[in-house]
1. Out of segment B:208-225, which residues are open to solvent by 20 Å² or more (accessible area, probe 1.4 Å) and either more than 9 Å from chain A (Cβ to nearest Cβ) or out of contact with any Gly (no Cβ under 6 Å at 6 or more places or on another chain) (or both)?
2. Looking at A:608, A:598, which is the one that is of a type in the set (Val, Ile, Thr), loosely packed, with under 13 Cβ neighbours inside 10 Å, within 49 Å of the chain's Cα centre (by Cα) and within 30 Å of residue B:434 (Cβ to Cβ)?
3. Residue pairs, Cβ under 8 Å, 6 or more apart or interchain, first in segment B:394-420 and open to solvent by less than 50 Å² (accessible area, probe 1.4 Å), second polar (S, T, N, Q). List them.
4. Considering each of B:246, B:278, B:220 in turn, give the residue that is over 22 Å from residue B:140 (Cβ atoms) and either within 26 Å of the chain's Cα centre (by Cα) or modelled with pLDDT under 90 (or both).
5. Suppose we keep only residues that are more than 7 Å from every other protein chain (Cβ to nearest Cβ) and under 60 Å from the mean Cα position of the chain (by Cα) within segment A:611-634. Which one would you say is least open to solvent (accessible area, probe 1.4 Å)?
6. Residue check: is residue B:123 modelled with pLDDT of 90 or more, open to solvent by 20 Å² or more (accessible area, probe 1.4 Å) and in contact with a helix residue (DSSP H, G or I) (Cβ under 7 Å, 6 or more places away or on another chain)?
7. Cβ-Cβ below 7 Å, separation at least six or inter-chain, first residue in segment B:295-324 and within 11 Å of another protein chain (Cβ to nearest Cβ), second assigned to a loop (DSSP other than H, G, I, E, B) and surrounded by 24 or more Cβ atoms within 10 Å (Cβ to Cβ): which pairs?
8. Got a sec? Which helices (runs of 4 or more DSSP H) wholly within segment A:155-262 have at least 3 residues that are within 18 Å of residue A:571 (Cβ to Cβ)?
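The values are calculated or read from the model by the stated rules, or taken from the named source; none is laboratory data. Fair warning: this is a prediction, and the values are worked out from it, not measured in the lab. Reconstructed Cβ throughout: ideal geometry from the backbone, glycine too, with neighbour counts over all protein chains shown. Areas reflect the complete protein model, heavy atoms only, side chains present, ligands, DNA and RNA absent. Shrake-Rupley method; radii C 1.70, N 1.55, O 1.52, S 1.80 Å.
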Amino acid sequence: MSTPTLLGTLLPAVPLVTGLLGLLLPPASPQAGAARQRARRAAITLGTTGAALSLLLAVALLATLDAPAEATRTWIDFGDLTVTLGVRLDSTVALVAVAVAAVALAVQVYSIGYLRNGPHDEVDVDHRYPPYAAQISLFTAAMLLVVVAGDLILLLVGWEVMGLCSYLLIAHERRLPAAPGAAMKAFLVTRVGDVGFLLGIALLGVSAGSFRIADVLGHDHATGLLTAACLLLLAGVAGKSAQFPLHTWLPDAMAGPTPISALIHAATMVAAGVYVVARLFPLFVQVPVALAVLGVLASITLLLGAFAAIAQDDLKRVLAWSTVSQLGYLTGALAVGAPAAALFHLLTHAAFKALLFLAAGAVIHAAGTALMSQLGGLRRTMPVTFWSMLVGLGALAGLPPLSGFFSKDSVLYAAEEAARHGGPAPAWVGWSVWLAGLAGVALTAGYATRLLLRTFFGAPRSPLPQPHDPPAVLRWPVLLLTVPAALLGLAGFSGTFAGWLEPYGPATRERPAELLPADPLVHFGPTVLLPLALLALGAGLAWARWRRDPAGDPAVLLGPLRPLSARAFWLDDLQQTLVVRPIGRLAAGARTADEVVVDGAVTGSGRVAWWLGGGLAAWHRATLPRAAAGVLAGALLIGLAAVLIGGDA
Amino acid sequence: MSMVQIVDNVALLPAYLAAGTAVLVLLADLLVARARVTVSAAALGALATATGAIFVGGGGERRTFCVGADCSYVFGGRAALVAVLVALLTLGVLGLSGPLLRAGATPVGEYCFLLAASMTGGVALGAAGDLITLIVALETLTLPLYVLVGLRRGNLASIEAAVTFFVVSVVATTLTLLGAALLYASTGALHLGRLGVLFAEQPELLDIPLTTVAVALVVVGLTVKVAAVPFHAWAPTTYDGAPLPVAAYLSTVSKLGGVVALLAVVQHALPARITGPVLALLAVLTMTVGNLVALRQRRTVRLLAWSSVAQAGYILAPLGALALAAGRTADARAAAYAAAVAYTVFFVLLELAAFAAVVALRPAGADGGTLDELRGAARRRPWAAVGLALALVGLAGLPPGLAGLFAKVTVVRSLLDGGAGWLALVVAVNAVLGLAYYLRVVAGLWSTDRPAAVPTDPAAVRGPTAANPVVAATDPAAVATGPAVVPADPTAVLVRAKPVAVVLAAATVVALVVGFAPQLVLDLAAR
C-alpha cells in the first residue's frame, strides 16, 4: 500500500475510531460533579484529537499525492457482481478533505466553549457533551468516507451515516421544542432523496457489474439506463444538498446547536451532494437531460433561497436560506459543465459559511437571542465578531477581493460561456443559470447588507445590558476562518490550483490534460462589471432604506411581497398539504390494515396455537396411564401403517 | 469357527474406565464415607473416561468381539465422540449436584454410583455393533435413572416421576426387544452391519410383513428414549419430579443415548424405505406438539421438558428426509446423519447450560419452581440470568446464541439437499412457535413488574411454594414437591454455588465457541 492510499484509508478511520470511543464515555448525569468533568474532558480530548489528526492526514495527503491513486479490496463476490472496499484519491479529494477536516476541527474547538454554562443559562447545556462530540466525530468520518470512497457502496455507507448523525445532532438541544421535529424533518426529507440515490447506485452497479467508481465510470452504459440512473442520483443529491423541492429541511435544521449548523452547512451534508455529482461528472456529461434538470433546479433554488433570506428575522435562518441560495450556484455550475468552478465555490463557501455561522453563534452567545429585531448596535461592543462577520458577509455577497467574489465569478463565467457557446447541456440551461445567478448577486448583496446593518449598526435593542466579544475558545476558530474566507479566492489565479480541482480534466477531446496546465479559474472580462454593478445595486438599496429609518427593517422594500419571502413562498405549507397530510392519512390507513388484517391474522394464529397447546396440555394431565397407552397405541398404529403403506413406498 | 475370541482390551478401555469409576465410587463411599471424596472420585473417573476415549478414538477404528466380519463392539470416531460427550456431560451434572447433595435428602454414595453406572452404559452405547449390545447398553444407561429420579427421600412427586419413567421405559424396551426378535426371526442376523448388507442384497425380505413390523417396532421402541411424540408423555412428569441435576442428565445424556441408538440402527442396519417415513411422521408430530404444549407451561422444568421434546423433533427431522428417494442418495444420507449428530451436540451443550443456569438461579436443593419465580432474576443474579438467556436464545435459534442458529441451519440445509422442502417448512414454522415461549422466559428475567414476591435469598425464604401460594395452588405438582431444605448460613450458599457457576460458565463458553466455529462440530459429526 503506497503512502497516499494509506493516508486516504486512515482519513475516515481516525475520526471513526475517536467517535466510537467517544460513544463509550458515560453521557454524564447532570448532578455528578467530578465524574462529569472527567467525561467532558475526555470527550473534548477525543474529539479535537480526531479532527486535528484528520486535518494533518488530509494536508499530508495533499502534499504527497502527485498522481491519482486507487486501492481496492474485494469484499463480497456475488457471482457476476463484485462489491469492493477501496479508496480513490486525487487532488480534489485531498482539497475537499482538508476543508472538511479544518471545519470539523474549528467546530470541535468552538463547541467546547459554546456548549457550557453561560452567565445567563439557568439550565445545563453541556450535560450530554460526550455523545455530542462523538457524533461530530462520526459525522466527520462519514463525510470523509464519502470523499475518499473508491466504490459506490462505501460511498453510500458514508452517505447514510451522515443522515443518521445529522438527525442526532439537530435533535441535540432537547429543551428546544422545535428540535425533535426539525431533526425528523431533516431525516425524512433527505431519506426521500436517498431512495432515489440507492436505486441509482444499484442501477449503475448492476449495469457495470461492479461498484468500483473507476469501473462504473469506464463502463459503456446503455443510454436509457444511464439517464434513469443519473436522474435517480439527482434525487439523492437534491435531498442532501437541499435543492428545490427537497430544500425545506435545511432552514428548520437551525434548531440544532450553532456549531452543528456550521458543520452541516459548510463541510458535510450539503457539500456531499455536490461533491458526488462532481465525482461522477463523466457520467452526467453524457446525459444532457439530467444536466438540464439540474440546471432548472439550480436556478429555482438559487432565486428561492436568496429571496427567502431577505425577510427572515432570525439571524441563523438568514444564513440558512443563504446556504440554499449558494447551493444553487454550486449545482448551477455543475449543470453548465464546470465541476471545477463548482468545487472552487464549494471550498470558498465552506470557509465563509463556517465563519458566518460561528460568528453568528458568538452573537447569539453574547446577546442571548438570534432575532435581529432584538439585536443592533453590536459593532462597538463586539468588534472582533463584527469584523469577522464583515469579512464573511463580504465573501458571501461577492465583494472583491474576498474569496466569494472570485469563485462566484468563475461560476458566472462558466454559465455565460455555456449560454453563449453551448456546453454539455443545452444553451437555455446556461442562460437560465446565468440570469438567475446575476439576479442572485443583487439579492445576496441586499440580505447581507440588511443582516450587517440590523445586527451591528443602529441603536442597541438587545435584552442583555453588556454584550461582549466571546472568550478565546470561541474567538480563535472564528479568527482563523477569516483567513481562507478572505484569501482563498486568490488561489483561483493559479493554474496549479485549477488543475487540482480538475485532476482528470475535461481532457477528453480537444485538450489532453497532461500536456497543458489547466486554465486558471478566474477570468476577467467585460461581463465581470455586471455582477459588481448588481452587487452595488442590492447593497445600495438596502443601505438607502436603512438610512431613512435605522430602527426599521430594510425588508419593507419588498412591500406586499414581504410575507411571501418570510414564509419562503409558503412551500412548507404546500409540502404540509400536498405531501405530509396525504401520507399521514395513508399511514393511518396502512396502520389500520396492519393492525386489523395482518396483525389479526398473526394474533389469530397465535391464539389458535395457544388454544391448541392448552388442549394438548390438558390431555397430558393424567400421566402414567395415558403415557403407557400412547406408547402402545403409537406402536400399534405405526406398525400397522408400516405394513400397509411403508412396504410399497 | 473358533470358540476362543481375542478381545481387544484397548477398544474397551473407555468402558473399563467408566465401569471402574462406578466401582471406585462404591468403594470410596464404603471405606472413606465422606461426601467430598465420593464426588471427587466420580468426577475424576468421568475425566479419566473422557481422556481415555479421546486417546483410543484418536488411533483409528478398533473392533472386537467379532464373529467373522461382524463385530459387536466397534470403537470408531462416532463412538469416541459419544463417549467423550457422555463423560463430560456426566462431569457437568456432577458439578450441578452440589446443592442437591448438601441439602441432605439424597444419599451421596448411591447417587454418584448410579450416575457412574449410567455413564458406563452411555460409553458402551456408541460402540455397540449388534442389536443385543445396543439394547443392553441403552438399558445400562437408563436403569440407574429410574432410581436416580426417585432418590429424594419422602418426596411424592419424585416417586411418581420414577414410576412413570420406569413403566413407560420398560414398555418401550419390550417393544424394541420384540422388534429385534422378529428381525432375527426373519433375517437370522443381529449385527447391525450384517442386517444392512442383508437388506441391501435381498430387497424381497421386506415383502414379508413381519420384517416391516419388526423394523418399525425397533425404531418406535428407541424413539421412546428421545421422547418423541406420541411416546413422550413420560418426559414432563419425570423431568419435573426428578431433582434438577437428574433432569439435566435426563435431557442431555439420556437423550443423547437415544439419538445414538436410533442413528446406529437407521444408519447401519435398517432399510431407509421404512424408517424414513416413520421418522418423518414422528419428527413432524414431535416438533409441533412439543412446541404447542410448551407455550402453556408455567413451571420452569416442565417448559424445558416440553422444549426438549420439541428439540427431539428437530433432531429426527433430517432423518425424516430418508422418506423420499432424493433423500436416500449417499450424499444426502451422509448429510442427514451428520446434521442429526451436529444438532444433538449443539443441543446438549445449550441444554446443559440452561439447566446449570436454572440450578444457579434457584435456592439450594429446590426444584425448578415456576416461571413467575424467575421473573426479575436478572437483577439479583445478572451473570446466571445472562447464561440462561444465552442458552434459551440459542435453543430458540437466534443470534447471539450462534450455536443454536447454526444447528437449525444445518438441519434445514440437509433437508433442502434431501429434497424434503416441506419438512424444512415445518421446522421453520416450529422455530417461530418456539420463539414465543423461549423469549417470554428471557424477557421475564429482566422484567421489573414483580419486584419483591420472589424468593431471592435462600436464607430469607422458607421455600419456594410458601412465598407464592397463588401460583403454587394452580399447579398441584408444585405443592407436592414441598419446601426445600434451606441452609442457615447464606455465605455457605455462595461457596457451594461455585461448581455450578463453573459448569454454567464452561457450558456457555463452549456453546459460544462452537457458535463461532461451527465447522468444528460439523466435521466431528461427519466422522
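1. B:208, B:209, B:210
2. A:598
3. Partner pairs satisfying both residue conditions: B:395/B:307; B:395/B:311.
4. B:278
5. The qualifying residue least open to solvent (accessible area, probe 1.4 Å) is A:615.
6. The answer is no for residue B:123.
7. Pairs found: B:309/B:227; B:309/B:229; B:309/B:232; B:324/B:418; B:324/B:420.
8. Answer list for segment A:155-262: A:179-208, A:223-240, A:249-252.
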